[in-house]
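The values are calculated or read from the model by the stated rules, or taken from the named source; none is laboratory data. All values reported here derive from a predicted model rather than from experimental measurement. Reconstructed Cβ throughout: ideal geometry from the backbone, glycine too, with neighbour counts over all protein chains shown.
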């Protein structure tokens, strides 16, 4: 890795040039003031005064002649440029030796002529020097274009902030997989003598925020190896061939410092399938991918270099990149479960003062679907809220508000009239009331008519248990709950509002997937939404979808039937529980937000 030296030469010349201009500007102000008793006269008068013996001192400076008279008066004259003043005295019959104090000659440096002659040359030299230096810098950048932009973390644990697997909460299965890589980097001969081949590439797959980069850094800290970190986009450049040159340079450096780990973040930026672009492939990106394939396949069996890559779009990667022999081990990172969230909370709660009733396990149960990044952001927002209200410790209410802020955005106090607030209250109360009457739904955690981001209110549902699967009953109940707001609007106000747009969108999406993907309709267990890339590309180009128009009509009918029946069921619940709904709305208009205990008390 090279470190560029600071280029001070150009700065020094700039400073000198600025000082020179300032000196020219200020010189008239700082030059010595002229004498007030000097009288300007023709040269003939000065010669007469000298001839008559009136002058006691004569000073010649350039073309200027100053004669000091006996009475102290000074007369100044200008002689002919370039003439010899002594010769002028002799021509006028004046003996220079007869002057009392003689004739004094002063040599004056003509700054005006000097600047007029030298300044253009100096400015030209400075101009060409700056162009020369800039061209050298540009040439150096051109020669360095093929150098890798990867950041090197040395074997010193301090370089990676001492992060190891014990500093990463959750992901026990992932750690177990990566432990083999660590053991290989530390003891490669143990595996080689048994004929084992450790994977050359490990692909970390998971949604954003689950800790893919953190796991890679923990691997480097655990193995105490050289760790090269680079983003996939950093290989790309405007010039052709730069990406592949950087790949060669990166792998060359990793081999010289082995055992080492190369981590490529967001590898889908350069690892996408070749030839799948609508307007043809990106040649530079494909050449970069080809170079990665060659480097990984050409590893010496004795080379202890492991390549890690992270992506949240594994379906976009080229098949040659994920085949055995390259990225032949895939490790999936998922959103943390309740136990892992509790461990993550405990790590991020270090150094923050919390109230005694704050328990990490309780918070974990209320944050289903949060990633590690979401949890860190939530605790930071809770600390900010507590500081805003001058609290000494972070309380449960701060954590609850922070959780809502992370999921739905900050509060947005809008000016709403009474009618609009009432309609919003009935809409949100409709969601909560329908959810409370459905056996497949989890309990309502919070109902609020406080606007957040683009919503006028929200209803939060907390999961009682972690689920990795969903039943048809639960999906239908969720659609019914989502349409509870629209049902309340139609029953109470005999009107419909645009506030249900997002609810309808989510309900329609679930209903469509039930029919086309999950096989939960009379059409049978048939997948109408194939993930095949050719069919997907055909749809993007407006071509046939892979099934007939008659089937498409049946799909639309089944989706419409699910939505219609769910809305009817929601209306029946609203009509049956109308008196309780009015009580909930009355409390919402007073308090704006009802927590779980308050809502259940009204039921």
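Things to note:
- Evaluation of residue 337 against (1) within 19 Å of residue 250 (Cβ to Cβ); (2) touching a residue at least 60 places away in the same chain (Cβ under 8 Å) (one fails), failing number: (1)
Yes or no, residue by residue, for (1) in contact with a helix residue (DSSP H, G or I) (Cβ under 7 Å, 6 or more places away or on another chain); (2) surrounded by fewer than 24 Cβ atoms within 10 Å (Cβ to Cβ); (3) at pLDDT below 80:
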residue	(1), (2), (3)
235	yes, no, yes
247	yes, no, yes
254	no, no, yes
258	no, yes, yes
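- Taken together, 313, 341 contain a single residue that is exposed (fewer than 15 other Cβ atoms within 10 Å of the Cβ), touching a helix residue (DSSP H, G or I) at 6+ places or on another chain (Cβ under 7 Å) and either at pLDDT below 80 or closer than 23 Å to residue 371 by Cα (or both), which is 313.
- Test: residue in region 371-386 that is in contact with a strand residue (DSSP E or B) (Cβ under 9 Å, 6 or more places away or on another chain) and exposed (fewer than 14 other Cβ atoms within 10 Å of the Cβ): no
- Flag not set for residue 318, criterion: closer than 27 Å to residue 270 by Cβ, at pLDDT below 85 and out of contact with any helix residue (DSSP H, G or I) (no Cβ under 8 Å at 6 or more places or on another chain).
- Conditions (1) at pLDDT below 80; (2) buried (at least 18 other Cβ atoms within 10 Å of the Cβ); (3) part of a loop (DSSP other than H, G, I, E, B); number of the one not met by residue 195: (2)
- Selection count, region 464-493, where residues are farther than 14 Å from residue 569 by Cβ, part of a loop (DSSP other than H, G, I, E, B) and touching a helix residue (DSSP H, G or I) at 6+ places or on another chain (Cβ under 8 Å): 1
- All of (1) closer than 30 Å to residue 273 by Cα; (2) modelled with pLDDT under 90; (3) not in a loop (DSSP other than H, G, I, E, B) hold for residue 500 with one exception: (1).
Residues are listed down the side, and each one gets a yes or a no for (1) at pLDDT 75 or above; (2) over 30 Å from residue 346 (Cα atoms); (3) in contact with a helix residue (DSSP H, G or I) (Cβ under 8 Å, 6 or more places away or on another chain); (4) assigned to a helix (DSSP H, G or I):
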site	(1), (2), (3), (4)
126	no, yes, yes, yes
141	no, yes, no, yes
146	no, yes, yes, no
159	no, no, no, yes
181	yes, no, yes, yes
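- Tallying residues that are within 17 Å of residue 169 (Cβ to Cβ) and surrounded by 22 or more Cβ atoms within 10 Å (Cβ to Cβ) within region 199-220 yields 9.
- Residues located in region 350-374, provided they are assigned to a helix (DSSP H, G or I) and either farther than 22 Å from residue 461 by Cα or touching a helix residue (DSSP H, G or I) at 6+ places or on another chain (Cβ under 8 Å) (or both): 360, 361, 363, 364, 365, 372, 374
- Residues satisfying the stated conditions in region 375-402, i.e. in contact with a helix residue (DSSP H, G or I) (Cβ under 8 Å, 6 or more places away or on another chain), closer than 22 Å to residue 340 by Cβ and touching a residue at least 40 places away in the same chain (Cβ under 8 Å): 394, 399
- Residues that are in a loop (DSSP other than H, G, I, E, B), touching a helix residue (DSSP H, G or I) at 6+ places or on another chain (Cβ under 9 Å) and within 17 Å of residue 308 (Cα to Cα), drawn from region 324-338: 325, 326, 327, 333
- Qualifying residue in region 587-601 (condition: more than 43 Å from the chain's Cα centre (by Cα), at pLDDT below 90 and exposed (fewer than 12 other Cβ atoms within 10 Å of the Cβ)): yes
Residue-by-condition table, conditions (1) assigned to a helix (DSSP H, G or I); (2) exposed (fewer than 15 other Cβ atoms within 10 Å of the Cβ); (3) at pLDDT below 90:
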{"residue": "404", "(1), (2), (3)": "yes, no, yes"}
{"residue": "415", "(1), (2), (3)": "no, yes, yes"}
{"residue": "420", "(1), (2), (3)": "yes, no, yes"}
{"residue": "426", "(1), (2), (3)": "yes, no, no"}
{"residue": "429", "(1), (2), (3)": "yes, no, no"}
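- Test: residue in region 404-427 that is closer than 30 Å to residue 206 by Cβ, in contact (Cβ under 8 Å) with a residue 60 or more places away in the chain and outside the structural domain of residue 457 (by TED's automatic domain parsing): no
- Residue match in region 204-224 (condition: over 30 Å from residue 370 (Cα atoms) and modelled with pLDDT of 70 or more): yes
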